[in-house]
Amino acid sequence: MFFKSLMAGAVAAALCVGVASTSARAGECVLSPEAQSGQAVSKQCMSCHVIEADKPSRPTAPNIHEVFGSLPAGRKDYSYSEGMTGAAAKGATWTEEALFDYLADPKAYLNRVNGAEVKHKMFFQLKDEQKRHDVVAFLKAIKGKPDCN
């Protein structure tokens, strides 16, 4: 009887450890409330963009899962506009401020960075400041976290 109780306890402990480690893995994608709001707003972006780690870009727009902190035109599987390749050549980086400005008016941002009017492919503008802050928080939060999409 003692052996059965001991074995039952060991099995229960093993199951708890398995559940705890699964919960820890699932917990790797904990987002702040601001980033959670940004995740909801980013659903609009997904009509053109992919926001999933290790997925290829679409013909309509690049995968932006790892965009935060990177150079414009950084993905090899997408054909970027003159404005994006020019911004990369000028050393622009997708910082919080740059993404915030770009999302407000992509054409104005790319023209300013390039110092001239350039061709671009992004016509969507996110005018609401709080929504832009939230999307930037989301993109920053998922950087380097493949479980966060």
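The values are calculated or read from the model by the stated rules, or taken from the named source; none is laboratory data. Predicted, not measured: the structure shown is a model, and the values here were computed from it. Ideal geometry is used to build each Cβ from the backbone, glycine not excepted, and the neighbour counts take in all protein chains shown.
Taking the range 51-79 as the range and being β-branched (Val, Ile, Thr) and under 24 Å from Glu97 (Cβ atoms) as the test, the residues that pass are Ile51, Ile64, Val67.
When restricted to residues that are surrounded by 17 or more Cβ atoms within 10 Å (Cβ to Cβ), within 12 Å of the chain's Cα centre (by Cα) and either touching a residue at least 60 places away in the same chain (Cβ under 8 Å) or in a loop (DSSP other than H, G, I, E, B) (or both), the range 42-94 contains 11.
Only one of the listed residues (Asp147, Asp128) is of a type in the set (Asp, Glu), within 15 Å of the chain's Cα centre (by Cα) and under 22 Å from Val41 (Cβ atoms). That residue is Asp147. Any residue at all in the range 73-87 that is among the acidic types (Asp, Glu) and touching a Pro at 6+ places or on another chain (Cβ under 7 Å)? Within the range 73-87, one or more residues are among the acidic types (Asp, Glu) and touching a Pro at 6+ places or on another chain (Cβ under 7 Å).
Could you say whether any residue in the range 71-85 is out of contact with any Asp or Glu (no Cβ under 8 Å at 6 or more places or on another chain) and aromatic (Phe, Trp, Tyr)? Among the residues of the range 71-85, at least one is out of contact with any Asp or Glu (no Cβ under 8 Å at 6 or more places or on another chain) and aromatic (Phe, Trp, Tyr), which makes the answer yes. The condition (being closer than 30 Å to Pro33 by Cα, without any contact (Cβ under 8 Å) to a residue 40 or more places away in the chain, crowded, with 20+ Cβ neighbours inside 10 Å and out of contact with any Gly (no Cβ under 9 Å at 6 or more places or on another chain)) is satisfied by just one residue among Tyr109, Tyr102: Tyr102. Checked across the range 98-107, the condition of being in contact with a Pro (Cβ under 8 Å, 6 or more places away or on another chain) and either assigned to a loop (DSSP other than H, G, I, E, B) or not assigned by TED's automatic domain parsing to the domain that holds Asp134 (or both) holds for no residue.
Please determine whether any residue of the range 119-135 is among the aromatic types (Phe, Trp, Tyr), over 23 Å from Val30 (Cβ atoms) and not in a helix (DSSP H, G or I). Looking for residues that are among the aromatic types (Phe, Trp, Tyr), over 23 Å from Val30 (Cβ atoms) and not in a helix (DSSP H, G or I), one finds at least one in the range 119-135, hence yes. Scanning the range 101-142 for residues that are closer than 25 Å to Ala53 by Cβ and in contact with a His (Cβ under 7 Å, 6 or more places away or on another chain) gives Pro106, Ile142.
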